Structures are given as C-alpha cells and as structure tokens.
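Worksheet for the structure shown next.
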Amino acid sequence: MGTYIVLAILAIVILYALRGTLGHLKGQGGCCGGGGSGEVLAEKKEIKGPVLFTARAKIGGMHCENCQNRVQNRLNKIDGLVAKVNYRDGSALLSYEKEVSEETIRQTVKDAGYELISLEKNA
C-alpha cells in the first residue's frame, strides 16, 4: 500500500514539473521574465535615413518572446542599426543606416545573454 502512495505522489510531482516546463517553453516561465512583472516589452525604433544594406543574424539561446524583446532592445540601442528579432526561428533582420562592425553586434548579443551564431549581409 505504501508503494502506491509513493508512486501517486511521484506522478503528481512529475505532472507539475512537465506543466512548468511546457509553460516555460511557451514563454510563460519566470526565468526569462515571462508571466509576471518582469516581462520585457519591445521598444520601437525606426531607421531615420536611407537603408544602406540589411543582414540576417542567427542568434542562439532565445526561448521566448521575452528573450526576443531583450535581444531586440539591446540591438536597437546601437546607433545606425534597427533590429527585428524572431525567437521562433532564432533570427534577426538588421537594417543599417551606417556601418556597424560585426564585433559590436556580437558583443551586444553576448551582453544580453545570447550568442550570435552567424551574420550574413545582403546587398
């Protein structure tokens, strides 16, 4: 009888753990700032001059909309650059109105807690 009680308690704990994990993957967990007052909102930024060129960046480590907004807000603080980030496919579309070094972008993404995997400039 004691074995059944232990198994029932274990099953309940596993169900709650799975529910929390699924919520986290949907951006509802607390570790990324989701589901509460720590939510990260996207700030708006637009190019003020002509777009010189665009680039597609692959970014690793984003799991939710809060991650996406955190990276986008950091990149948009770079003068001469506007970013539109998508956590679902781990990418960012970057529009340049002046030259910005790849190292500046890489360090900005790293400082936000993520990894710049690749950066491909378009003509």
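Odds and ends about this structure:
- Of the residues Ala83, Ala92, the single one that is part of a strand (DSSP E or B) and in contact with a helix residue (DSSP H, G or I) (Cβ under 6 Å, 6 or more places away or on another chain) is Ala83.
- Sole exception among (1) over 26 Å from Leu22 (Cβ atoms); (2) of a type in the set (A, V, I, L, M, F, W, C); (3) touching a helix residue (DSSP H, G or I) at 6+ places or on another chain (Cβ under 9 Å) for Ile47, by number: (3)
- A single member of Ile59, Ile78 is modelled with pLDDT of 90 or more, assigned to a loop (DSSP other than H, G, I, E, B) and touching a helix residue (DSSP H, G or I) at 6+ places or on another chain (Cβ under 8 Å), and it is Ile78.
- In segment 21-56, residue nearest to Gly90 (Cα to Cα) [restricted to those that are modelled with pLDDT under 80 and not in a loop (DSSP other than H, G, I, E, B)]: Leu25
The values are calculated or read from the model by the stated rules, or taken from the named source; none is laboratory data. Given the structure is predicted, the values throughout are model-derived calculations rather than measurements. As a convention, Cβ positions derive from the backbone with ideal geometry for all residues, glycine included, and neighbour counts pool all protein chains shown.
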